[in-house]
Amino acid sequence: TVCLSEPKGIFMSHKIMAINAGSSSLKFQLLDMPQGDLLCQGLIERIGLPDARITLKAQDQKWQQTTPVADHREAVTLLLEMLISHGIITSLQDIEGVGHRVAHGGESFKDSVRVTDESLAEIERLAELAPLHNPVNLLGINVFRQLLPDVPSVAVFDTAFHQTLEEPAYIYPLPWRYYAEFGIRRYGFHGTSHKYVSATLAERLGVPLSALRVVCCHLGNGSSICAIKGGKSVNTSMGFTPQSGVMMGTRSGDIDPSILPWVAQREGKTPQQLNHLLNNESGLLGVSGVSHDYRDVEQAADAGNPRATLALSLFAERIRATIGSYIMQMGGLDALVFTGGIGENSARARAAICQNLHFLGLAIDEEKNQRNATFIQAENAIVKVAVINTNEELMIAQDVMRIALAESETFAVSA
Ligand code: ADP
């Protein structure tokens, strides 16, 4: 269960760290829980290079430092030293829990999990499914375990929320053994965001999530759409990898699968090169030829670039097609939610996605849309349309509280 509005004042406050480790970067937030107040956030970039950059922000203060950072262990050591030297924590004992974003939980993890030797071994085994992400997520977990050996940690999986999908939503029509032997199926990603945003929506509406049919559009550099019925993910656009579904910044999303063998044969591309083509050269960038960044493509379209205009239309059309199929699957729609950098900020994207849907009882109020109001549906519309900022770090910290600190919390309350 998601606790967005725990009563304040009864509980002791806990400093919880939320970590998102990438191959050459590490993003973090330190939160005061259960209130969810952000104490500081930061980013270490270019890990492994002589000019790595550390950025730390707390309230209205910001520190930046360029320094050689050899590896993730050194990055985390520097980060912890900075937290103490800038007075954000007085000692390492102040940190009571660490939550780690982990890309792939396969079919093993249906929820976040306390990090133990056993759960780590399973995450390692699943690296086969996410070779680019799980190993670096594991590295982050291990570095924190070494540097803060007494602090409990929790792994939060991008896939876990979608483990409620039923077979017709997750089986691909391939020979059965690809599922049975290799685990090739739809897993879905962005689960932490879809879960947080749908729970926040229900709270803002004052309606239990169990009574709602929601489509959540997480639109950022990576984009995915999720159908959430009664609080459970019942379908989602990303699949076996975060490459499928709608069109993204540099990813194609769904295409005719036979394009790949055709291109491989014609241009002699290796699997790695095909992957690069689909993941890094396609999407908004591939079609517009301008940029992967939605704002840049908007600007180019405004300046009259026809391929940029086409890229924006394609982007919206693929999302509309996905939303349409989810409305069919759920037998209706109560709310459509936008989140992620594009969903939260681009009135143009939201308007393009919602156009001509009066027949569904869905229409937006353009004035509210322009100012990114929380609810942007037109007055007489039946379907609510919401703009909700995602907060994966808060969700991670809540899971650390729920899973790792629940016992000590009970003790604190009853003592
Ligand atoms: P990520 O998936 O990397 O977390 P974000 O959620 O930050 O990405 O989203 C990045 C995208 O959001 C970029 O395409 C960017 O152009 C777009 N974006 C951010 N702000 C705006 C804005 N004001 N208007 C339109 N697009 C925006």
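The values are calculated or read from the model by the stated rules, or taken from the named source; none is laboratory data. Worth saying up front: this structure is predicted, and the values here are computed from it rather than measured. Ideal geometry is used to build each Cβ from the backbone, glycine not excepted, and the neighbour counts take in all protein chains shown. Accessible surface areas use protein heavy atoms only, side chains included; no ligands, DNA or RNA. Shrake-Rupley method; radii C 1.70, N 1.55, O 1.52, S 1.80 Å.
Here are some notes:
- The set of residues in the stretch 214-240 that are within 16 Å of the ligand (Cβ to nearest atom) and either among the basic types (Lys, Arg) or surrounded by fewer than 17 Cβ atoms within 10 Å (Cβ to Cβ) (or both) contains only ASN221.
- Top-ranked residue of the stretch 335-348 - restricted to ones that are near the ligand (Cβ under 7 Å from one of its atoms) and among the small types (Gly, Ala, Ser), ranked as farthest from LEU362 (Cα to Cα): GLY341
- TYR178 being surrounded by 15 or more Cβ atoms within 10 Å (Cβ to Cβ) and at negative phi: no
- When restricted to residues that are closer than 16 Å to GLN398 by Cβ and among the basic types (Lys, Arg), the stretch 182-204 contains 1.
- Count of residues meeting criterion [open to solvent by 30 Å² or more (accessible area, probe 1.4 Å) and either within 16 Å of the ligand (Cβ to nearest atom) or not in a helix (DSSP H, G or I) (or both)] in the stretch 299-314: 8
- Checking each residue in the stretch 315-340 for being within 20 Å of ALA202 (Cα to Cα), assigned to a helix (DSSP H, G or I) and in contact with a helix residue (DSSP H, G or I) (Cβ under 8 Å, 6 or more places away or on another chain) picks out ILE323, ILE327, GLY340.
- Total residues in the stretch 250-298, condition open to solvent by less than 50 Å² (accessible area, probe 1.4 Å) and within 16 Å of the ligand (Cβ to nearest atom): 15
- Among (1) β-branched (Val, Ile, Thr); (2) without any contact (Cβ under 8 Å) to a residue 40 or more places away in the chain; (3) crowded, with 22+ Cβ neighbours inside 10 Å - the single one VAL98 does not satisfy: (2)
- Residue match in the stretch 114-126 (condition: under 18 Å from the mean Cα position of the chain (by Cα), among the basic types (Lys, Arg) and surrounded by fewer than 20 Cβ atoms within 10 Å (Cβ to Cβ)): no
- Being under 11 Å from GLY106 (Cβ atoms), among the charged types (D, E, K, R) and either without any contact (Cβ under 8 Å) to a residue 12 or more places away in the chain or in contact with a helix residue (DSSP H, G or I) (Cβ under 9 Å, 6 or more places away or on another chain) (or both) is true of GLU128.
- Selection count where residues are of a type outside the set (A, V, I, L, M), part of a helix (DSSP H, G or I) and open to solvent by 10 Å² or more (accessible area, probe 1.4 Å), scope the stretch 138-153: 3
- Count of residues meeting criterion [free of Cβ contacts under 8 Å to residues at least 60 places away in the same chain, part of a loop (DSSP other than H, G, I, E, B) and either surrounded by fewer than 17 Cβ atoms within 10 Å (Cβ to Cβ) or more than 19 Å from the chain's Cα centre (by Cα) (or both)] in the stretch 25-69: 11
- Test: residue in the stretch 154-175 that is hydrophobic (A, V, I, L, M, F, W, C), at pLDDT 95 or above, over 22 Å from ASN20 (Cβ atoms) and open to solvent by 20 Å² or more (accessible area, probe 1.4 Å): yes
- Given (1) on the phi > 0 side of the Ramachandran plot; (2) within 12 Å of the ligand (Cβ to nearest atom), number of the condition ASN356 does not satisfy: (2)
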